[in-house]
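Here the structure comes first, spelled out in structure tokens, and everything after it is commentary.
The values are calculated or read from the model by the stated rules, or taken from the named source; none is laboratory data. Predicted, not measured: the structure shown is a model, and the values here were computed from it. Every residue, glycine as well, gets a Cβ built from its backbone with ideal geometry; the counts of neighbours run over all protein chains shown.
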Amino acid sequence: MSKRGLTQKTTTEHAITLERAMVTRHYVMTWDLDRCVGCRIGPLVCPKEAVLHVAGEIVDGRLTKKPSVDIDAEKCVLCGMCEVMCPKNAITLTINGERENPMQAYEAFPHLVESTKFAKAQFDMRRRQFVIDNCPTGVISYDEEEKTLVVDQEHCIRCRQCEVASDGAFAVVQPWEGKVELRREKCVEGCLACADVCPTRALHIDDDGGLVLADYYCIKCGACMQVCPIKAEYEDYEVMIESQGVTKTVVHQRLANADDLPVLVERWRVKHTPVQSAAWIEAVGKMADDKAGQRELDRKRALKRRDLLKALVGGKELLEEK
């Protein structure tokens, strides 16, 4: 029996791959489980509920197995919504061997506005290795021929640690605006699981073994909330959305116990190219809070904060040299 048109799923320790061979188009979608932190943005945005959250495991307050995802191959339509929104760039979709996202190609989903730029003229090259060592995803390298630092834009997660490490020579635009709060007094005693799962140093363990928040580095993925023993509780509410003259009611969820949580991540809005589609309006409504009047952390103040520099590997020693 021909398998043409059927989705084939392959799972290994490091990746999940879905493959669908059509007459003229060959789809391959891969979830890199090493990059994935189980943030639940994928399950939130998926219109078919095909992306399934896999919980992590905590032993004595430390994360022994990080959260992840699984994919229901029978439900997945390879639309690419999760690829657009993944904060860790853990998902790739190719069609006939080339990167292509159908939702963006047909303008049903936007391109997120994000960037990492390097101003060589503003950089003290003596900090070169310090910057490279403090990139959590290893996407910054030194070009010996051009005598400059270069960024793998495809895998950069826009954590902004390079901004602080380079003393402002890097400028990062994050797609999400929002906030993160840590209320240490509400934590389960001895628990440091959120620092274990955090893909940046937004949540980290200091020299004294304490949990510390460096808020400027947060990419608003929310993985910390997923591993926290004190679980978020949600309530349903209805919203009306309108697109291209069609109005419908959809059910969203909102946080019901925000004041009880040790760590709270809020996504207010996302920067993106212009798009008007019901799919996008519904998706962003699931992921963001309606707090457009709020302001994100200021870059100029962040570059002067000693706590952010201290959070970096070797940052404490650098401060002592000043």
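Could you tell me whether segment 67-75 includes any residue that is surrounded by fewer than 18 Cβ atoms within 10 Å (Cβ to Cβ) and within 30 Å of residue 211 (Cβ to Cβ)? If you could, list the steps in order and put the result at the bottom.
We begin by selecting, within segment 67-75, every residue surrounded by fewer than 18 Cβ atoms within 10 Å (Cβ to Cβ); these are 70, 72, 74-75.
From what is left, the residues that are within 30 Å of residue 211 (Cβ to Cβ) are 70.
Yes, segment 67-75 contains at least one residue that is surrounded by fewer than 18 Cβ atoms within 10 Å (Cβ to Cβ) and within 30 Å of residue 211 (Cβ to Cβ).
Could you grab me the full set of residues in segment 312-322 that are more than 14 Å from residue 135 (Cβ to Cβ) and either outside any helix (DSSP H, G or I) or aliphatic (A, V, I, L, M) (or both)? Don't jump to the end; show me each part of the working.
Initial filter on segment 312-322 (more than 14 Å from residue 135 (Cβ to Cβ)): 316-322.
Scanning segment 312-322 gives 318, 319, 322.
Which of the residues that make up segment 278-301 are in a loop (DSSP other than H, G, I, E, B) and either at pLDDT 85 or above or over 16 Å from residue 240 (Cβ atoms) (or both)? Give the derivation first.
Initial filter on segment 278-301 (in a loop (DSSP other than H, G, I, E, B)): 288-298.
Selection gives 288, 289, 291, 292, 293, 294, 295, 296, 297, 298.
Restrict the check to segment 173-191 and report whether at least one residue is over 13 Å from residue 37 (Cα atoms), among the aromatic types (Phe, Trp, Tyr), surrounded by 19 or more Cβ atoms within 10 Å (Cβ to Cβ) and in contact with a helix residue (DSSP H, G or I) (Cβ under 7 Å, 6 or more places away or on another chain).
Here is the first cut: in segment 173-191, the residues over 13 Å from residue 37 (Cα atoms) are 173-191.
Applying the additional criterion that residues be among the aromatic types (Phe, Trp, Tyr) yields 176.
Restricting the remaining residues to those that are surrounded by 19 or more Cβ atoms within 10 Å (Cβ to Cβ) gives 176.
The next check asks that each one be in contact with a helix residue (DSSP H, G or I) (Cβ under 7 Å, 6 or more places away or on another chain); those that pass are none.
No, segment 173-191 contains no residue that is over 13 Å from residue 37 (Cα atoms), among the aromatic types (Phe, Trp, Tyr), surrounded by 19 or more Cβ atoms within 10 Å (Cβ to Cβ) and in contact with a helix residue (DSSP H, G or I) (Cβ under 7 Å, 6 or more places away or on another chain).
Residues in segment 209-253 that are assigned to a strand (DSSP E or B) and farther than 30 Å from residue 302 by Cα: how many? Spell out the reasoning first.
Within segment 209-253, the subset assigned to a strand (DSSP E or B) is 211-213, 234-243, 246-253.
Filter once more, so that each one left must be farther than 30 Å from residue 302 by Cα: 234-243, 246-253.
Total meeting the criteria: 18.
Please list, ordered by residue number, the strands (runs of 3 or more DSSP E) wholly in segment 1-46 having 1 or more residues that are basic (Lys, Arg).
Details: elements: 7-11, 15-21, 26-32.
Passing ranges, in order: 7-11, 15-21.
Given the condition in contact (Cβ under 8 Å) with a residue 40 or more places away in the chain, buried (at least 18 other Cβ atoms within 10 Å of the Cβ) and of a type in the set (Gly, Ala, Ser), answer yes or no: does some residue in segment 151-166 qualify? Let's see the steps before the verdict.
Pass one, segment 151-166, residues in contact (Cβ under 8 Å) with a residue 40 or more places away in the chain: 154-166.
Still in the running and buried (at least 18 other Cβ atoms within 10 Å of the Cβ): 156-166.
Among the residues that remain, those that are also of a type in the set (Gly, Ala, Ser) are: 165-166.
Yes, segment 151-166 contains a residue that is in contact (Cβ under 8 Å) with a residue 40 or more places away in the chain, buried (at least 18 other Cβ atoms within 10 Å of the Cβ) and of a type in the set (Gly, Ala, Ser).
Among what's in segment 253-270 and is surrounded by fewer than 15 Cβ atoms within 10 Å (Cβ to Cβ) and at pLDDT below 90, pick the residue that is nearest to residue 188 (Cα to Cα).
Let us first name the residues in segment 253-270 that are surrounded by fewer than 15 Cβ atoms within 10 Å (Cβ to Cβ), namely 253-254, 256-260.
Restricting the remaining residues to those that are at pLDDT below 90 gives 253-254.
On the way: 253: 26, 254: 24 Å.
Ranking the qualifying residues of segment 253-270, first place goes to 254.
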